[in-house]
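> This is the structure I have questions about; it appears just below.
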Amino acid sequence: MNHLDLILTLTGGLAAALTLGLLTRKIGLSPIVGYLLAGILVSPNTPGFVAHKDLAKEMAEIGVILLMFGVGLHFHFKELLAVKRIAIPGALVQSATATGLAIVILHFFGWTWQEGAVFGMAIAVASTVVLTRVLVDNNHLHTPVGHIAIGWLVVEDLFTVFVLVLLPAVFGNAGEATGAAASGGLAWAMLWTTVKICALVAFTFIVGGWAIPRLLHYIARTGSRELFTLAVLVIALGIAVGAAKLFGVSMELGAFLAGMVVARSEFSTRAATDALPMKDAFAVLFFVSVGMLFDFKAMLEAPGLVLVTVGIVIVGKPLAAILITLLLRYPLRTALYVGAVLAQIGEFSFIVGTLGRNLGVVSEGAFNALVATAIVSITLTPLFYRSVVPLERWLLRVPFLKKLLVRSKGNAEDAITDKHAQHHAIIVGYGPVGQTVARLLRDNDIVPVVLEMNVDTVQKLKAEGTHAIYGDATHPETLKQAGIDQARVLVLSASGLEGKDLIREARELNPDIQILARTAYLREAHALAHAGANSVFSGEGEVALSITEYILEKLNATREQIDRESERIRKEFFTPPSAS
């Protein structure tokens with residue numbers, strides 16, 4: 001492989017994904033469908049351009065690692081503990097259901113129970129990339145449904161880590177587990193895996209929790225965005241690789257833990273906005289790489305196996321998830337959402353399937369059935385998810401189902417508790433103007449939330465009890481972190497035309513918010529007003545106004561004359577041309 005293969009694979013794969021992603025989005029389907037079709041288009045199984053399959057898979061792995069790091073950034077440990085009541089039993093029961101169904105059904109295809117068990121464990125785990133993308137596309141990542149789904153997925157990933165370690169211990173000896181030696185090896189493998197996972201968690205949170213914030217603080221003080229971005233990438237990829245090399249755990253789990261550590265510092269928002277935008281491009285390559293594995297001819301040779309596998313994934317797994325969610329007294333809509341988002345398989349399924357194939361317990365035909373099922377389930381999952389609300393309404397029209405399914409309030413379906421007070425204002429910048437505005441807000445019982453790019457200022461404000469966020473306010477995620485959807489006022493205390501993009505973004509996220517902007521020059525005031533600011537205060541205009549009032553007072557003008565001239569200047573200087 002040379003550098004030209006790298007460029008052609010990256011360019012060809014992304015270009016095909018862009019074209020077909022736009023096309024599928026245009027006809028009302030998820031872009032994920034387009035990405036999968038792009039992979040089929042550039043695969044060796046179709047004529048025309050052929051991308052480098054192994055290279056695309058490696059780049060896709062980077063995307064999965066960065067995606068898990070990003071999930072960890074937004075998923076605090078307390079949120080994982082909050083959903084443990086459903087995530088742990090839910091993931092275990094659903095995984096057991098998928099594995100049991102595979103063993104029983106595939107027995108009629110002539111498979112041994114060992115083959116059915118390994119295949120069942122491969123289809124038991126959902127795709128991190130798909131689940132996260134569906135939640136983000138529907139703005140559910142930070143809702144109770146999102147917390148449950150992510151917690152569920154983390155437990156599934158941990159279960160899969162055990163599977164990957166145990167399979168060689170069970171089937172390593174010519175595919176047979178024999179006698180007490182095998183039992184002893186299995187027990188030792190389980191104990192050793194548990195120890196390694198606990199060691200990784202302890203190392204990441206104790207050592208990483210001490211070192212990572214200090215490293216990021218030191219780099220942030222340099223003022224270099226490039227160095228900060230590089231540091232975040234090194235942390236994400238470094239801990240992911242360390243988890244695999246030193247602890248024998250999946251890189252995805254290591255990246256997730258690294259994200260959780262960074263999330264506990266004041267750098268979480270900036271890390272998410274500045275350092276991880278490229279994760280989406282790499283994540284697209286995951287779907288492309290899945291499509292490249294698909295062999296239509298092999299699927300036609302065993303259509304029954306493909307149909308059974310698809311049935312288990314999109315029917316058996318969701319029903320198990322829905323039933324256990326309802327049994328734990330969560331609302332119907334929550335159960336349907338959780339079932340829909342977990343009705344797919346992805347990257348971990350291929351990892352388990354590849355290991356099973358190497359151990360001789362998963363055939364080539366079975367592996368191709370995994371690929372076909374992944375494509376079908378990934379394509380259907382966004383459609384299932386968008387169908388939840390209509391399906392809920394239909395189910396609740398049936399009287400006995402309504403009585404059975406409607407639950408009392410006060411559980412996971414309740415609206416998310418806002419991170420900020422209902423009446424709060426966002427202040428961008430904490431210079432003299434921002435400090436004055438924040439003091440006035442506090443004096444009038446309005447909670448100020450400060451967005452600031454000076455890490456020392458942020459730490460000082462937090463120590464004083466002020467809600468402060470370290471991050472670039474021009475990024476939508478930073479505004480969301482500040483609670484833009486519930487804020488009443490946005491104050492741009494720093495001057496400059498770059499505020500136009502910020503104003504437009506804030507207006508899109510919260511059309512009713514009052515936006516007050518400051519600028520140094522009059523020529524910029526009209527542009528900010530046209531961008532959506534309710535009021536713009538210009539340094540030049542305010543100086544002219546103050547000088548005018550001072551001169552009139554020295555000339556013994558009446559209060560009425562002073563007010564009249566002040567009003568004239570305000571209209572001349574501060575009224576946008578379109579409103580004049």
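> Condition first: under 11 Å from Arg270 (Cα atoms) and either within 22 Å of the chain's Cα centre (by Cα) or small (Gly, Ala, Ser) (or both). Now tell me which residues in the range 443-473 satisfy that.
Step one: list which residues in the range 443-473 are under 11 Å from Arg270 (Cα atoms), which gives 451-453, 455, 469-473.
Once the filter is applied, which keeps residues that are under 11 Å from Arg270 (Cα atoms) and either within 22 Å of the chain's Cα centre (by Cα) or small (Gly, Ala, Ser) (or both), the range 443-473 yields Leu451, Ile469, Tyr470, Gly471, Asp472, Ala473.
> Being touching a Ser or Thr at 6+ places or on another chain (Cβ under 8 Å), over 16 Å from Gly429 (Cβ atoms) and in a helix (DSSP H, G or I) is the filter here; which residues of the range 506-527 pass it?
Leu522, Ala525
> Continuing with this model, one more query. Just checking, how many residues over the range 528-553 are surrounded by 15 or more Cβ atoms within 10 Å (Cβ to Cβ), at pLDDT 80 or above and either assigned to a loop (DSSP other than H, G, I, E, B) or of a type in the set (Gly, Ala, Ser) (or both)?
Count: 4.
> Restrict the check to the range 488-500 and report whether at least one residue is part of a loop (DSSP other than H, G, I, E, B) and modelled with pLDDT of 85 or more.
From the range 488-500, those part of a loop (DSSP other than H, G, I, E, B) are 488, 493-498; that's our starting set.
With the extra rule that they be modelled with pLDDT of 85 or more, the set shrinks to 488.
Yes, the range 488-500 contains a residue that is part of a loop (DSSP other than H, G, I, E, B) and modelled with pLDDT of 85 or more.
Residue-wise test of (1) among the β-branched types (Val, Ile, Thr); (2) crowded, with 22+ Cβ neighbours inside 10 Å; (3) not in a loop (DSSP other than H, G, I, E, B).
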site: Phe119; (1), (2), (3): no, yes, yes
site: Ala122; (1), (2), (3): no, yes, yes
site: Ala126; (1), (2), (3): no, yes, no
site: Val130; (1), (2), (3): yes, yes, yes
site: Asn139; (1), (2), (3): no, no, no
site: Ala149; (1), (2), (3): no, yes, yes
site: Leu153; (1), (2), (3): no, yes, yes
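> Let me ask you something else. Looking at Phe171, Phe162, can you tell me which residue is in the same structural domain as Met251 (by TED's automatic domain parsing), under 19 Å from Val93 (Cα atoms) and modelled with pLDDT under 80?
The match here is Phe162.
> Sticking with this structure for a sec: Which of (1) modelled with pLDDT under 85; (2) farther than 30 Å from Leu451 by Cβ; (3) not β-branched (Val, Ile, Thr) is the odd one out, the single condition Lys317 does not satisfy?
In the conditions (1) modelled with pLDDT under 85; (2) farther than 30 Å from Leu451 by Cβ; (3) not β-branched (Val, Ile, Thr), Lys317 misses (1) alone.
> Considering every residue within the range 260-268, establish whether at least one is assigned to a loop (DSSP other than H, G, I, E, B) and crowded, with 24+ Cβ neighbours inside 10 Å. Working first, answer last.
So the first thing to find is which residues in the range 260-268 are assigned to a loop (DSSP other than H, G, I, E, B), and the list is 264-267.
Next, from what is left, pick out any that are crowded, with 24+ Cβ neighbours inside 10 Å: 267.
Yes, the range 260-268 contains at least one residue that is assigned to a loop (DSSP other than H, G, I, E, B) and crowded, with 24+ Cβ neighbours inside 10 Å.
> Being surrounded by 12 or more Cβ atoms within 10 Å (Cβ to Cβ) and not in a helix (DSSP H, G or I) is the filter; apply it to the range 555-580 and report the residue that is modelled with the lowest pLDDT. Working first, answer last.
So in the range 555-580, the residues surrounded by 12 or more Cβ atoms within 10 Å (Cβ to Cβ) come out as 557, 561-566, 569-570, 572-576.
Those still in the list that are not in a helix (DSSP H, G or I) too: 557, 575-576.
Details: Ala557: 80, Thr575: 58, Pro576: 55.
Taking the candidates together, the pick is Pro576.
> Please determine, by comparing only the residues of the range 437-468 that are in contact (Cβ under 8 Å) with a residue 60 or more places away in the chain and charged (D, E, K, R), which one is surrounded by the fewest Cβ atoms within 10 Å (Cβ to Cβ).
Here the answer is Asp456.
> Let me ask something additional. Residues that are among the aromatic types (Phe, Trp, Tyr), more than 22 Å from Glu252 (Cβ to Cβ) and either surrounded by fewer than 18 Cβ atoms within 10 Å (Cβ to Cβ) or in contact with an Asp or Glu (Cβ under 6 Å, 6 or more places away or on another chain) (or both): does the range 102-110 have at least one? Don't jump to the end; show me each part of the working.
Filtering the range 102-110 for residues among the aromatic types (Phe, Trp, Tyr) gives 108-109.
If we keep only those that are more than 22 Å from Glu252 (Cβ to Cβ) too, we end up with 108-109.
Now restrict to residues that are either surrounded by fewer than 18 Cβ atoms within 10 Å (Cβ to Cβ) or in contact with an Asp or Glu (Cβ under 6 Å, 6 or more places away or on another chain) (or both): 108-109.
Within the range 102-110, one or more residues are among the aromatic types (Phe, Trp, Tyr), more than 22 Å from Glu252 (Cβ to Cβ) and either surrounded by fewer than 18 Cβ atoms within 10 Å (Cβ to Cβ) or in contact with an Asp or Glu (Cβ under 6 Å, 6 or more places away or on another chain) (or both).
Per-residue answers, yes or no, for (1) free of Cβ contacts under 8 Å to residues at least 60 places away in the same chain; (2) under 21 Å from the mean Cα position of the chain (by Cα); (3) outside any loop (DSSP other than H, G, I, E, B):
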site: Tyr35; (1), (2), (3): no, yes, yes
site: Phe49; (1), (2), (3): yes, no, no
site: Gly63; (1), (2), (3): no, yes, yes
site: Leu92; (1), (2), (3): no, no, yes
site: Thr99; (1), (2), (3): yes, no, yes
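> Go through the range 218-232 and report how many residues are surrounded by fewer than 17 Cβ atoms within 10 Å (Cβ to Cβ) and not small (Gly, Ala, Ser).
Filtering the range 218-232 down to residues surrounded by fewer than 17 Cβ atoms within 10 Å (Cβ to Cβ) leaves 218, 221-227, 230.
Now narrow it down to the ones that are not small (Gly, Ala, Ser): 218, 221-222, 225-227, 230.
The qualifying residues number 7.
> Which one of Leu319, Leu336 is buried (at least 21 other Cβ atoms within 10 Å of the Cβ) and assigned to a helix (DSSP H, G or I)? So that I can check it myself, show each step before the final result.
Numbers: Leu319 fails: buried (at least 21 other Cβ atoms within 10 Å of the Cβ).
Just one listed residue meets the conditions, Leu336.
> For Ala283, state whether it is more than 26 Å from the chain's Cα centre (by Cα), of a type in the set (Gly, Ala, Ser), crowded, with 16+ Cβ neighbours inside 10 Å and part of a helix (DSSP H, G or I).
Numbers: more than 26 Å from the chain's Cα centre (by Cα): no; of a type in the set (Gly, Ala, Ser): yes; crowded, with 16+ Cβ neighbours inside 10 Å: yes; part of a helix (DSSP H, G or I): yes.
Taking the combined requirement at face value, the residue does not satisfy it.
The values are calculated or read from the model by the stated rules, or taken from the named source; none is laboratory data. Note that the structure is a prediction, hence the values are computed from the model and not measured. Positions of Cβ are generated from backbone atoms using ideal geometry, with glycine treated the same way; all protein chains shown enter the neighbour counts.
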